[in-house]
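Okay, so here's the structure we're looking at.
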């Protein structure tokens, strides 16, 4: 835990928005709730990649932690939808959809471009706990 906190202090906070995450690999696997009141997801820039962190549910016992180099970002401001895709080396596609404003969208577009130019993020990680 100490190492994670230390790494977090070396990251740059980019913003927070309600959103959802899904992993696709021989099927669709929700990483967060997909409807109703969506959880707040915090986004950080970590050298070479993005980190998405969210806690929700009763007593904050459900969580998402994603640390990977983003592959692409698309923005639909008519629906205030920001979609970030991550390709995992095992072939999985992870899609994070955030519902935010234009300022957050511009910030994240810049961060994704910076990640593409940078090296690989250390320790690719996808971890989720969602009750069904």
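Read the figures in this text as sums done on the coordinates, not as results from a lab. Model, not experiment: these values are computed from the prediction. We place every Cβ from the backbone using ideal geometry, glycine too, and count neighbours over all the protein chains shown.
Which semi-axes, in whole Å and largest first, does the equivalent ellipsoid of the chain have when worked out from the alpha carbon gyration tensor as the square roots of 5 times its eigenvalues?
That gives 20, 18, 16 Å for the three semi-axes.
Could you tell me, in Å, what Rg and Dmax come out for the Cα atoms of segment 30-83?
12.6, 34
Give me 116, 60 sorted ascending by neighbouring Cβ count inside 10 Å, so fewest comes first.
Least to most surrounded, the residues fall as 60, 116.
At 0.36 nm per residue, minus the direct Cα-Cα distance, what do residue 77 and residue 13 gain on full extension? Give it in nm, one decimal, please.
My answer for the length gained is 20.9 nm.
Using R₀ = 22 Å, calculate the FRET efficiency as 1/(1 + (r/R₀)^6) where r is the Cβ-Cβ separation of residue 24 and residue 109; round to 0.05.
So, using R0 = 22 Å, E works out to roughly 0.45.
Expressed as a whole number of Å, what is the distance separating the alpha-carbon centroids of segment 106-120 and segment 5-66?
So the two Cα centres are separated by 17 Å.
Helix-only mean residue ellipticity at 222 nm, the chain, DSSP H runs n ≥ 4 weighted -39,500 (n - 2.57), per residue, nearest 500. What is it?
Computed ellipticity for the chain at 222 nm equals -5500 deg cm²/dmol.
Please say if segment 60-132 is rounded, prolate or oblate, where rounded means a/c under 1.5 for a ≥ b ≥ c the square roots of the C-alpha gyration tensor eigenvalues, and otherwise the choice is prolate for a/b larger than b/c and oblate otherwise?
Since a/c reaches 1.5 but b/c is at least a/b, the shape of segment 60-132 is classed as oblate.
Order these by the 10 Å Cβ neighbour count, fewest first: 76, 26.
So the residues, fewest neighbours to most, are 26, 76.
If you average the sequence gap of Cα pairs under 8 Å that are 6 or more apart and divide by the length of the chain, what percent do you get for the contact order?
Relative contact order comes out at 27 percent.
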